[in-house]
Amino acid sequence: MARRSTKTPSRGTSRADEADFEERILDIDVVDEMQSSYLEYAYSVIYSRALPDARDGLKPVQRRIVYQMNEMGLRPERGYVKCARVVGEVMGKLHPHGDASIYDALVRMAQSFSMRVPLVDGHGNFGSLGNDDPPAAMRYTESRMADAAMLMTDSIDENTVDFAPNYDGQEQEPLTLPAAYPNLLVNGASGIAVGMATNMAPHNLGEVVAAARHLIRHPNADLDTLMKYVPGPDLPTGGRIVGLAGIRDAYANGRGSFKTRASVTVENVTARRKGLVVTELPFTVGPEKVVAKIKDLVGSKKLQGIADVKDLTDREHGLRLVIEIKNGFVPEAVLEQLYKLTPMEESFGINNVALVDGQPLTLGLKEMLEVYLDHRFSVVRRRSEFRRTKRMNRLHLVEGLLVALVDIDEVIRLIRSSENSAEAKQRLIEHFSLSETQTQYILDTPLRRLTRFDRIELESERDRLNAEIEELTAILESDTELRKLVSGELAAVAKKYGTPRRTVLLESADTPVAAIPLQVADDPCRVLLSSTGVIARTPGTEPLQEGSAKRAKHDVIRSAVPATARGEVGAVTSAGRLLRITVVDLPQLAEGAGPALVGGAPVAEFVRLEGDETLVCLCTLDESSPGLAIGTAQGVVKRVVPDYPANREELEVITLREGDRIVGAAELRTGEEDLVFITDDAQLLRFQASAVRPQGRPAGGVAGVKLADGAKVLSFDVVDPAVDAAVFTVAGSRGTLDDSVQTTAKLTPFDQFPRKGRATGGVRCQRFLKGEDCLSFAWTGPVPARAAQRNGAPATLPEPDPRRDGSGVSLDKPVAAVAGPA
């Protein structure tokens, strides 16, 4: 298609003038026109906006911000200034593309979660991870240069880089910055141009510098060697990189991808539930985005097992996202589903496109390092040349001044006898063989400097300048010295500004999704209750291992019953109630844990007790068992027929008399066990469980032990006569205000006490000493036994005493609980 262009005369022209106008037709191919215009536009976007320069790793707007802040004197030791002022200076002098793009770039350079080494030190709200909370307007925020930005502009005033006119030709701007460290690799870059894009991952400063220094020493180093120093990206937000094959592809040819995962730990977020605590998220992903996605998936029933999600992120503790897991679900399996369905796992595509000599190229790791090092060699060479020239010029002046000081009287005579300064200048040149520059410097020097002491200083300065010139000349004439200097400067930067790696590199995922069941399996377990009211479950059916002889708190297990992980157990209270407890709600101890319930939870988290009601024991809800045996403070005994309707959360197992309460209960295993009452007046009654007729749950029981006037039952226990057992009693005094005050205690073999008939008074179990008139604590059960104080701390039992009604011995610590093996 062609375009027809005509030019006609304007109104008011004469015929003669009309003859001068000729119709001109310009044929233009639209395809060529569009191609040419589009290429010009594309090149403008690529070169002037979107892509970073491979030498300093900065886009034009970023370079202009850093340079202009340096020109404004906004150094780290100075005060902050409004970002609006910085944006105005950059827009007015260097970047004619609007304030929004300038401020967006400035904000990004100040975000520690976007840049591995931020270039701007921001003061105020500069946004949040994932842009969930956008930054404040530029009129509110303040900024100044960060230490790393000073490294980018260091020695820029020493002719180290080329400058070019700005957009209107009134200012000069650098085409690149000196860049004392490889910023392109350290901070990465992202940008969308026309027909191409760049997306570079940030890296660790120390690792990148180590690779660059190795490449300086060994220019022919291969990629595998360099990757020993730079194994992978180091993202500002930490996290985990899963799969390293894509990283090697990117380092080899400039293109590749990898997956980033959040850093998550499984913790007990409440006494009843576990949770996933997220402390690091993938690069550019914010917590609000994750929370919103999880809620959408839970609402649409595409994600199971999550009870609640809380964002507890703050400035003091940093990112903290708590995902509470429902009981009965495996946290690790839920985590795998979160990785699969939410932004907690994201892919990062590497596309290392940068400008090299004005042309966009796709670079691998070695190429990026080589481009940077070539730039750095050029900067150091030009800097050394600048400094040498400056010192040589100064040396020229110092040498001329020293010549004049040798014969200062003649210098003064020549000057005084001259008609004017031009004649004086010419006579000094001819007499002392000085250059015009040296002569002018002598004429401009005040007489007060032409003293003996100034001569000494000038001679010292001459020697110092000669040494520096010699050193700079060695650098300029020797490639080895130049490389050594660049390597040393890089090492100093890494030592001062390097930080430990934040991102963990993993070859692959730890556990495949299919390998972890989503819900907790209904495996056998045991539910344990300690004397201090701590409850937990352990995997398997084996009793707890004793482990080391060293004891810990909560290791006296009052009750232990078999169960399954998704089953239920009963809890009998002193008020005669049986409450259901869901086993999967209980915290699980680690396999092979010792007898202490470290990691358990208070039983009050799972059952609601009223007033002074206490938990007496745990039991199974197996209706094929011989049932419960219960003893009360008023001497009543009852065998409960196992009848536990599944639709009732609370059951009554005995109807208590007024003022009575349960002092002991246990589940019978065979029905041939012995039942043991111990009263506070030191009477022990032992009889067979078969002597008690089973009754329904509402029944009130039968007479168990005959009590003397004023006496009450202190303990009720169930003992298997086939196992070794013992009786432990502690004597006290009714006159004390606190029944826990103990005087003497006795541990007696159980076989010393004969069986008696039910509803009788039994036999004496301890003889009182002077000042003792009652028992304050009693227990009967299998041995070896453990004792604990009221707070769960270990206590020591006395040596066994074979005397059935003997007196006790003193205790080192008061005993509040005793139990046999768990």
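FYI, it's all coordinate maths here, none of it is from the lab. What you see is a predicted model, and the numbers here were worked out from it, not measured in a lab. Glycine gets a Cβ as well: all are built from the backbone with ideal geometry, and neighbour counts include every protein chain shown.
Structural remarks
- Folded to 0 to 90 degrees: helix 205-217 orientation relative to the chain principal axis, Cα: 50 degrees
- Dividing the convex hull volume of the alpha-carbon atoms in region 51-180 by its residue count gives 105 Å³ per residue.
- Anisotropy class of region 524-819 from Cα gyration tensor, a/c 1.5 cut: oblate
- Region 345-395 versus region 776-799: alpha-carbon centroid distance in Å: 76 Å
- Formal net charge of residues neighbouring Ala54 (Cβ-Cβ distance under 14 Å; K, R +1; D, E -1): -1
- If you take all other residues with their beta carbon under 12 Å from the beta carbon of Gly600, and give Lys and Arg +1 and Asp and Glu -1, the sum is +1.
- Ser417-Ala491 FRET efficiency (beta carbon distance; Förster radius 60 Å; 0.05 resolution): 0.50
- Over 26 Å between alpha carbons, listed pairs Lys366/Lys496; Lys289/Lys366; Lys638/Lys746; Lys274/Lys340; Lys638/Lys813: Lys289/Lys366; Lys638/Lys746; Lys638/Lys813
- Counting beta carbons within 10 Å around each of Glu605, Glu477 and listing the fewest first gives the order Glu477, Glu605.
- With Cα atoms, 0 to 90° folded angle of helix 331-341 axis to the chain main axis: 40 degrees
- FRET efficiency estimate (nearest 0.05) - Cβ-Cβ, Asn131 to Ala521, R0 56 angstrom: 0.85
- Here r is the Cβ-Cβ distance between Glu461 and His123 and R0 is 30 Å; the resulting FRET efficiency, rounded to 0.05, is 0.10.
- DSSP beta bridge pairing in the chain, given as percent antiparallel to the nearest 5: 95 percent
- Proximal charge balance of Ala711 [Cβ under 9 Å; K/R count +1, D/E count -1]: -2
- Set of aspartates and glutamates with alpha-carbon distance to Lys82 below 15 Å, sequence-local pairs under 8 removed: Asp99, Asp104, Asp121, Glu142
- Extension gain, Asp454 back to Thr655 (0.36 nm per residue minus Cα-Cα distance, nm): 61.1 nm
- For Lys259, the aspartates and glutamates whose Cα falls under 19 Å of its own Cα, not counting residues fewer than eight places away in the same chain, are Asp234, Asp249, Glu280, Glu332, Glu336, Glu345, Glu346, Glu507, Asp510.
- Amide hydrogen proximity for Ile325: with H placed 1.01 Å from N in the peptide plane, the residues at 5 or more positions away or on another chain lying under 5 Å are Lys274, Gly275, Leu276, Ala307.
- Identified option (computed volume of the Cα convex hull per residue in Å³; candidates (i) 237; (ii) 336; (iii) 156): (ii)
- Distance between modelled label sites at Asp724 and Glu71, nm, 7 Å Cα→Cβ extension: 9.3 nm
- Stokes-Einstein D (µm²/s) once Rh is taken as the Kirkwood radius of region 370-497 over alpha-carbon pairs, at 37 °C in 0.692 mPa s: 190 µm²/s
- Here the simple spin-label model places points 7 Å from the Cα toward Cβ, and for Glu470 and Ala646 these points are separated by 9.8 nm.
- Prolate/oblate/rounded label for region 263-343 (Cα gyration tensor, a/c 1.5): oblate
- Label-point separation, Leu505 to Glu23 (7 Å along Cα→Cβ), nm: 7.3 nm
- Extension gain for the segment Gln359 to Val763, taken as residue separation times 0.36 nm less the Cα-Cα distance, is 135.0 nm to one decimal.
- Reachable aspartates and glutamates, given that their alpha-carbon falls under 12 Å from the alpha-carbon of Lys390 and they are not under 8 places away in the same chain: Glu158, Glu468
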